[in-house]
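Take a look at the structure set out below.
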Amino acid sequence: KNMSSVSIPPPECLKKRLVVPQRHMFGPGPSNVPPRILQAGAQPVIGHMHPETFEIMADIKRGLQYLFQTQNRMTLAVSGTGHSAMECAIFNTVEPGDGVLVAVNGVWGERAADMAERIGARVNTVVAPPGGYLTNADIEKALSRHKPVLFFLAHGESSTGVLHPLDGIGELCHKYNCLFLVDSVASIGGTPLYMDQQGIDILYTGSQKVLNAPPGTAPISFSERACYKVFNRTGKPVSFFLDLSWLANYWGCDDKPARVYHHTGPVTAFYSLRESLAVLAEEGLENSWERHKKAAEYFHAGLESMGLKLFVKEKHARLPTVTTIVAPHGYDWKEITSYIMKTHNLEISGGLGPSVGLVLRVGLMGCNSSKANVDMVLAALRDALKHCHRSKV
Ligand code: PMP
């Protein structure tokens, strides 16, 4: 046999045509991508440094300033999922030895703390039980005790279904000379958030939830105060790929006369993101917030009338985008989610991190947030409770 011939044959599986099912994406993400946004992503690939691409990126930036309600010049989208924006926020603002305070009331706080630890920060946490949240007094006590440079909070804790109040926290952080970092991956666009007015210094989200774009781009914005910290650090951030000075240049957010190649931007993902922001701009933020609120209230009332219990007790702290239902007594939650997938072609999910086994999670985000979809989920749940095994104990 010829020594130079390939020893690994082409795989049989690749001879079959790609098949992807249509599915109701009612888990905590990704959500369904409507045809208009899918088609935008099917436009031709052009260069990541072509003037038309820079114009699309400039449009995205304006759309994000609207979505975030911010005038921050340093507003862009990281090439990657929500986790890449989390690391971009933390890796750029935090230097080894800096103090970081993390609000932990679910898995996202746990992960933010993990990321900060990895770069040698001194991490402290302020903890609320799953389903709960922190008071401003809890937060102020921790800020004054630990004197961190950065405070992390998840606005929408998608693992527990909690919408964390934001008012007054920005002011508290600034009183203690601390930057306020907010994760809005599961919340923004579906519930009010005002980056500038609420004193948020770094805010990020993902493309695949309320925006209904495919996963793969992660919007982020930095205030002047945050930029001051980032650009006056003593050493370089640990990640070249997430280095804000490079990203700022690629996104035209700096004063340099020319843009320099950093990485190959996922141009088709930019098209989809731009289209998703155009859809949101057409509807208007307030209308989107109201639509999510109405659908969530209708959903929550329907669940309670079926005898199911909501995991988050206080109404005002329930995320309108991701609902957590107390795992029905006597059932195996995995059987419920697989039954609904099999029978109704519909994704809902179990818990994550501290909420595993405790909850079922249903996400109705962006275009998915409608009365008709609520009725569909309620019918699927009713059917599952009738047909899944129920233990007598
Ligand atoms: N934060 C929150 C609140 C989320 O819900 C998610 C996604 N479930 C993320 C961060 C991480 O986003 P991604 O999966 O896109 O990396």
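Scanning the stretch 284-302 turns up at least one residue that is outside any helix (DSSP H, G or I) and among the small types (Gly, Ala, Ser).
Given the options Met49, Met25, name the one that is more than 17 Å from Arg274 (Cα to Cα) and of a type outside the set (Phe, Trp, Tyr).
One residue alone meets the criteria, Met25.
Annotation: of all residues in the stretch 188-198 being more than 13 Å from Pro219 (Cβ to Cβ) and within 16 Å of the ligand (Cβ to nearest atom), the one that is farthest from the chain's Cα centre (by Cα) is Thr191.
For the stretch 165-187, a residue qualifies if it is under 14 Å from the mean Cα position of the chain (by Cα) and farther than 24 Å from Pro214 by Cα, and exactly one does: Leu181.
Exactly one residue out of Lys147, Lys175, Lys209 is outside the structural domain of Val322 (by TED's automatic domain parsing) and within 16 Å of the ligand (Cβ to nearest atom): that is Lys209. Taking the options Ala77, Ala58, Ala42, name whichever one is within 20 Å of Phe270 (Cβ to Cβ) and in contact with a helix residue (DSSP H, G or I) (Cβ under 7 Å, 6 or more places away or on another chain). None of the other options fit; the residue is Ala77. On inspection, Ile46 passes the criterion of being more than 16 Å from the ligand (Cβ to nearest atom) and assigned to a loop (DSSP other than H, G, I, E, B).
Filtering the stretch 246-295 to residues that are free of Cβ contacts under 8 Å to residues at least 12 places away in the same chain, of a type in the set (Gly, Ala, Ser) and closer than 15 Å to Phe54 by Cβ leaves only Ala258.
Give the residues of the stretch 14-43 that are within 16 Å of the ligand (Cβ to nearest atom) and either of a type outside the set (Gly, Ala, Ser) or exposed (fewer than 14 other Cβ atoms within 10 Å of the Cβ) (or both), sorted by residue number. Matches in the stretch 14-43: Met25, Phe26, Pro28, Pro30, Asn32, Val33.
Looking at the stretch 77-101, which of the residues that are assigned to a strand (DSSP E or B) and surrounded by fewer than 24 Cβ atoms within 10 Å (Cβ to Cβ) is farthest from the ligand (Cβ to nearest atom)? Ranking the qualifying residues of the stretch 77-101, first place goes to Gly99. In the stretch 221-238 there is at least one residue that is within 16 Å of the ligand (Cβ to nearest atom) and not in a loop (DSSP other than H, G, I, E, B).
The values are calculated or read from the model by the stated rules, or taken from the named source; none is laboratory data. These numbers were taken from a predicted model, which means no experiment stands behind them. As a convention, Cβ positions derive from the backbone with ideal geometry for all residues, glycine included, and neighbour counts pool all protein chains shown.
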